[in-house]
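Before any comments, here is the structure.
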Amino acid sequence: MFMDLIRKRRSVRKFTDQTIEKEKLELLKESALRSPSSRSRNPWEFIFVTNPDLLKKLSEIKPHGASFLHGAPLGVVVLADPERCDVWVEDCSIAMIFLQLAAESLGLKSCWVQVRKRMLNDHVSAEEKTRSLLGIPEKMKVLAILAAGYGAEKLEGHPEESLMREKIHTNTYGG
Ligand SMILES: Cc1cc2nc3c(=O)[nH]c(=O)nc-3n(C[C@H](O)[C@H](O)[C@H](O)COP(=O)(O)O)c2cc1C
């Protein structure tokens with residue numbers, strides 16, 4: 001059941017060295033391509049990175065929050081052509097969450113690595129670095145990378161009591 005899946009879901013940043021089966025990789029690709037997008041413009045594209053050298057290089061695209069790509073068996077780079085759709089950020093974010101939840105349903109764990117608006121240093125953006133590492137054309141924008149694999153740490157889902165019920169309003173703000 002979907003609710004069980006999201007009740008258990010957590011971001012995991014440590015992976016075993018077990019590779020992801022080809023069938024599961026194919027299901028992840030299908031999930032990405034089944035993501036809804038504004039006006040069905042499908043502006044996104046996906047780079048499935050399994051090469052350990054490339055994953056290590058991707059783990060260094062920004063100083064914090066990407067290191068676990070080194071040691072992950074898979075990184076899925078989600079990028080888009082902004083000329084195809086003005087709301088490509090939303091489209092790519094939805095594709096990221098489709099991938100993340102599909103991974104969870106297949107017994108894999110994952111974590112989002114933000115690329116858009118992140119910097120490697122004062123001069124180079126995480127996006128520029130990703131683009132040069134993977135040969136991505138200038139016109140394409142990179143949203144994020146999903147690191148995925150078999151989890152090497154067990155995190156409990158967020159407990160019911162931790163949900164911020166005050167963030168839910170009924171009919172009017174504050175209602
Ligand atoms: C838009 C977005 C960007 C994120 N970027 C990163 C990131 O760059 N590095 C990282 O380690 N985690 C990143 N995360 C994961 C969050 O830190 C994580 O989802 C949050 O701490 C809640 O933990 P949980 O997913 O286990 O519930 C990102 C999550 C989202 C939704």
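Taking all protein chains together and a probe of 1.4 Å, list Thr16, Thr170, Thr130 from the most accessible to the least accessible.
Thr170, Thr16, Thr130
Normalise the Debye intensity by I(0) for the chain, one equal point scatterer per Cα, no solvent, then take log10 at q = 0.15, 0.16, 0.20 Å⁻¹ and round to two decimals.
Each listed q corresponds, in turn, to -0.89, -0.99, -1.35.
Quick check: at a probe of 1.4 Å, how many percent of the accessible area of the stretch 2-153 sits on carbon and sulfur atoms?
51 percent
With a 1.4 Å probe and all protein chains left in place, how much accessible area per residue does the chain have, in Å²?
On the way: 10410 Å² over 175 residues.
Value returned for the chain: 59 Å² of accessible area per residue.
Roughly how much of Lys56 is accessible, in Å² to the nearest 10, using a 1.4 Å probe?
Here the residue's solvent-accessible area equals roughly 90 Å².
Treating only the Cβ atoms of Lys and Arg (+1) and Asp and Glu (-1) as charged, compute the dipole magnitude of the chain about its Cα centre; round to the nearest 20 debye.
120 debye
Just tell me which lysines come within less than 26 Å, Cα to Cα, of Lys139; anything on the same chain fewer than 8 places away is out.
Partners found: Lys29, Lys56, Lys57, Lys62, Lys117, Lys129.
With a 1.4 Å probe and every protein chain left in place, tell me how much accessible area Met3 has, in Å² to the nearest 10.
80 Å²
Which value in deg cm²/dmol, rounded to the nearest 500, describes the helix-derived mean residue ellipticity at 222 nm for the chain, given -39,500 (n - 2.57) per DSSP H run of n ≥ 4 and division by the residue count?
Values: 5 runs with 53 residues, N = 175.
Calculated from helices alone, the mean residue ellipticity at 222 nm is -9000 deg cm²/dmol.
Under 17 Å Cα to Cα from Lys8, which aspartates and glutamates show up? Leave out anything in the same chain fewer than 8 places away.
Those aspartates and glutamates meeting the cut-off are Glu104, Glu153, Glu156, Glu160, Glu161.
Tally Lys/Arg at +1 and Asp/Glu at -1 over every other residue whose Cβ is under 11 Å from the Cβ of Ser37; what's the total?
Result for the local shell: +2.
The values are calculated or read from the model by the stated rules, or taken from the named source; none is laboratory data. As the structure is a computational prediction, the values presented were derived from the model and not from experiment. Methodologically, a virtual Cβ is constructed for each residue, glycine included, from the backbone with ideal geometry; neighbour enumeration extends over all protein chains shown. Please note that ligands, DNA and RNA were not included when accessible areas were found on the heavy atoms of the full protein model with its side chains. Shrake-Rupley method; radii C 1.70, N 1.55, O 1.52, S 1.80 Å.
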